[in-house]
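Just so it is clear, none of the values below were taken in a lab; they were calculated from the coordinates. For clarity, every value in this text was computed on a predicted model and none was experimentally measured. A quick note on method: Cβ atoms are made from the backbone with ideal geometry, for glycine too, and the neighbour counts reach across all protein chains shown.
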Amino acid sequence: MTPLLELRGLGVRYKGAVAPALEGVDLDLAAGERLAIIGESGSGKSTLARAVAELLPQTVIQQGTVAWPGLDQKARNGRDIGFVFQDPASSLDPVMPVGDQVAEVAHANLDMDWRAARRLAVELLDRVRLPEPALLAQAYPHQLSGGQKQRVAIAAAIVARPRLLIADEATSALDTIVQAEIMALISALVAEDGMALLFVSHDIALAANLADRVAVFRHGRLVEQAATAELVSQPRTDYSRALLAAHLGLHA
Ligand SMILES: Nc1ncnc2c1ncn2[C@@H]1O[C@H](COP(=O)(O)OP(=O)(O)OP(=O)(O)O)[C@@H](O)[C@H]1O
């Protein structure tokens, strides 16, 4: 089957860095598939997510290819890719009502006039289960809780019905209960819209709950990829075993 996304020999080196942040990564993502990218801090997870969405600084040296065999055109952020960042406060504009921030993405990517885009934004705020969406659309980010802000960011990410949603540590800045709620929301939205999901996390348990397949990174290299159940029950590398053991240790 034709994958939605195909990475071949992907390498990234930041300007002035001694070691590459990513090296020789070959990875496919099928349409509608949920893939978790896990690994310890600094293993290259965010770099991979940003390379896919072309969000890396211009100064990086990039090798290999990021191809979209499952799309008719070059993937565009906002339209084909929705990106949810770790910190919702920094991904939202502090001086723009949140409804307009969602509407702006619809206006820019769906060839929609502002009136229709604002109406769609309210629908999206409702879809991400925000209370009184028509009223909340007028609010500014500082008037919302962290979890509510992340819901707005998710609404903006999916308003153009992208084929891929990238969540880069999207729940890491939230407390445990809100984290579980946002995870459930992402899971439901991805299923409803048939989006593929690239879920970046350092938390193997979170990833395992959500993903069909897990790709494990270490020092910029893909060390193992497997179906989630297989990775959890029979990890093939010592590193994956260590990640699992560290998680079990925490809960013991
Ligand atoms: N903008 C940047 N400029 C220079 N080096 C960078 C930049 N962003 C990341 N790096 C380096 O690239 C490597 C990979 O970082 P990356 O953020 O992709 O890892 P990560 O696995 O997502 O880590 P974390 O879980 O801590 O976010 C690290 O050594 C990091 O210091």
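Numbers below:
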{"item": "In sequence order, calculated HN-Hα J values of region 34-49 (Karplus, 6.51, -1.76, 1.60; Hz; x Gly/Pro)", "result": "10, 10, 9, 10, 10, x, 6, 4, x, 7, x, 4, 5, 4, 4, 4"}
{"item": "Dipole magnitude (debye, nearest 20) for region 133-252, charges at Cβ of Lys, Arg, Asp, Glu", "result": "220"}
{"item": "Amide N proximity, region 22-47 versus residue 62 label position 7 Å along Cα-to-Cβ, cut-off under 12 Å", "result": "47"}
{"item": "Built amide H within the under 5 Å cut-off of residue 64, gap 5+", "result": "11"}
{"item": "Relative contact order (%) - criterion: Cα under 8 Å, at least six apart; region: region 136-239", "result": "19"}
{"item": "Burial order of peptide ranges 128-134, 54-60, 28-34 (average beta-carbon count within 10 Å, highest first)", "result": "28-34, 128-134, 54-60"}
{"item": "Packing rank of 220-229, 145-154, where each peptide gets the mean count of other beta carbons within 10 Å, highest leading", "result": "145-154, 220-229"}
{"item": "Peptides ranked, highest mean first, by Cβ atoms within 10 Å: ranges 103-111, 183-191", "result": "103-111, 183-191"}
{"item": "Straight-distance crosslink candidates among lysines, where the alpha carbon sits under 21 Å from residue 15 and sequence neighbours closer than 8 are dropped", "result": "45"}
{"item": "Which of 128, 200, 112, positive extreme of dipole for the chain (C-beta unit charges)", "result": "200"}
{"item": "Mean residue ellipticity (222 nm) of the chain, computed from DSSP H runs ≥ 4 via -39,500 (n - 2.57), nearest 500", "result": "-11500 deg cm²/dmol"}
{"item": "Gain in span if fully extended, residue 30 to residue 221, counting 0.36 nm per residue against the direct Cα distance", "result": "66.7 nm"}
{"item": "Residue 166 long-range amide H proximity, modeled H, under 5 Å", "result": "82, 83, 84, 198"}
{"item": "Centre separation in Å (Cα based) which lies between region 86-126 and region 191-252", "result": "32"}
